[in-house]
Every structure is written in C-alpha cells, then in structure tokens.
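Values in this text are rule-based calculations from the coordinates and carry no lab data. Not measured: the values here are computed from a predicted model. Reconstructed Cβ throughout: ideal geometry from the backbone, glycine too, with neighbour counts over all protein chains shown.
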Amino acid sequence: MITLLTTLLSFLAGGLPKLLGFFQDRADKAHELNLARMQIERELELRKAGFEAQAKVEEIRTDQLQINADVSMAQTALQEKQALYAHDIAIGQGASTWVVNARSMVRPAITYGMFALLCFINIFGAVYAWKLGTPFAEVIATLWDADTQIIWASVISFWFGSQAFSKK
C-alpha cells in the first residue's frame with residue numbers, strides 16, 4: 001500500500017509545475033472574464049448613449065490590445081528561455097570540455113550511481129546468502145523488501161512522471 005502511495009506521489013511530483021500552471025491559468029481566465037464583463041457593461045452603456053460606432057472601434061482596439069498582449073507574453077517567454085540558455089552557455093565558457101560534461105551529468109550520474117549501488121548490494125547480498133545456504137525465498141524477501149520497493153518505485157515514477165508531464 002505504501003509502495004503504491006509513494007509511487008503515485010512521485011509520479012505526481014513530476015507534474016507539479018503543470019499543476020501550478022493550471023492554477024495560474026485559472027486565475028488568468030478569471031481575470032479575463034472580469035475584463036470581458038467590464039467591456040460588456042461599457043458596451044451596453046455606449047449603446048444606450050447611441051455610440052454603437054464608438055463601441056465597434058473600442059472592440060477593435062480591445063482585440064488589438066489582446067493580440068499585442070498575447071504576442072508580448074510569447075516574446076517574453078521566448079526571451080526568458082533564450083536568457084536561460086545564454087546563462088547556461090556563459091557559465092560553461094572557458095571551462096574544459098570534461099567540466100561542462102561533468103556539470104551536465106550530475107543528476108543522471110546520481111541516478112545511475114543509485115541504480116549501480118542497488119545492483120551491487122542485491123547481487124553480492126544474494127551471493128553471500130547463497131554461500132551461507134539461505135533459502136532463495138528468504139533472500140528475495142530480505143533483498144527486495146517493502147522499503148526497497150518504495151524507494152525504487154518513487155525514483156522510477158518521478159523520472160518517467162516528469163517526462164510524461166513535460167510533453168505537450
């Protein structure tokens with residue numbers, strides 16, 4: 001039960017940025033809805049005053065402002081991404097190739113190291129238990145216990161969960 005719970009939590013941890021983005025999007029849509037209500041109220045007031053032509057001009061202007069805002073947001077996101085890439089490149093400038101490669105391998109190396117450690121412990125633990133004459137079922141129950149399953153499921157779920165959520 002704990003394995004399933006931690007697997008689910010690790011999988012969802014990879015999608016946490018998407019969840020936060022969902023709430024941000026929801027707030028943005030609520031703000032846009034309020035703006036639309038205010039525009040409708042203004043349009044009704046203008047129509048009452050007989051300014052329908054002015055209302056159409058305002059509608060066109062509002063559409064242009066929305067398009068400009070969308071373009072501006074897209075440009076800002078692109079500039080932010082380019083700035084992050086430029087910063088990453090700037091950090092690596094002047095460094096030797098192996099330093100740049102080592103810097104980019106930190107997280108994967110830790111993951112590979114943990115996997116190698118798990119294999120090492122399990123293989124040599126099984127060999128040691130076999131030499132002592134321990135029954136196979138008892139060896140497996142000891143080496144692949146609930147805690148190990150929880151940790152392993154969490155690692156796999158986090159890595160593949162973050163990959164699933166990062167794709168659009």
Practice task
Quote the convex hull volume per residue of the chain, based on C-alpha atoms, as a whole number of Å³.
Solution key: 147 Å³
Handout entry: Gaussian network model of the chain, springs between alpha carbon atoms under 10 Å - residue of Ile140, Ile89, Ile121 with greatest fluctuation
Key = Ile89
Exercise for the section: At q = 0.15, 0.20, 0.22, 0.24 Å⁻¹, work out log10 I(q)/I(0) for region 15-96 with the Debye formula, treating every Cα as an identical point scatterer and leaving solvent out; two decimals please. Expected result: -0.77, -1.00, -1.08, -1.14
Handout entry: Per DSSP, loop chymotrypsin sites (Phe, Trp or Tyr not before Pro) in region 15-115 with at most 15 further Cβ within 10 Å
Key = Phe51
Exercise for the section: Go through region 120-128 residue by residue and turn each phi into a ³J(HN,Hα) via Karplus (6.51, -1.76, 1.60, θ = phi - 60°); whole Hz please, and just put x for glycine and proline. Expected result: 4, 4, 5, 5, 6, x, 5, 5, 4
Handout entry: Two-decimal Rg to Rh for region 105-168 - Kirkwood Rh, Cα set
Key = 1.13
Exercise for the section: Rounding to the nearest 20 debye, state how big the charge dipole of region 36-168 is about its Cα centre with +1 on each Lys and Arg Cβ and -1 on each Asp and Glu Cβ. Expected result: 260 debye
Exercise for the section: Place +1 on the Cβ of every Lys and Arg and -1 on the Cβ of every Asp and Glu in the chain, take the dipole about the Cα centre, and give the residue among Gln39, Met105, Ala77 whose Cα lies farthest towards its positive end. Expected result: Met105
Problem - Residues in region 109-141 that a label on Ile156 would reach, taking backbone N under 17 Å of a point 7 Å out along Cα→Cβ - result: 111-120, 122-123, 141
Handout entry: Sites matching trypsin sites (Lys or Arg not before Pro) across region 26-102 that sit in DSSP coil, with at most 14 neighbouring C-beta atoms within 10 Å
Key = none
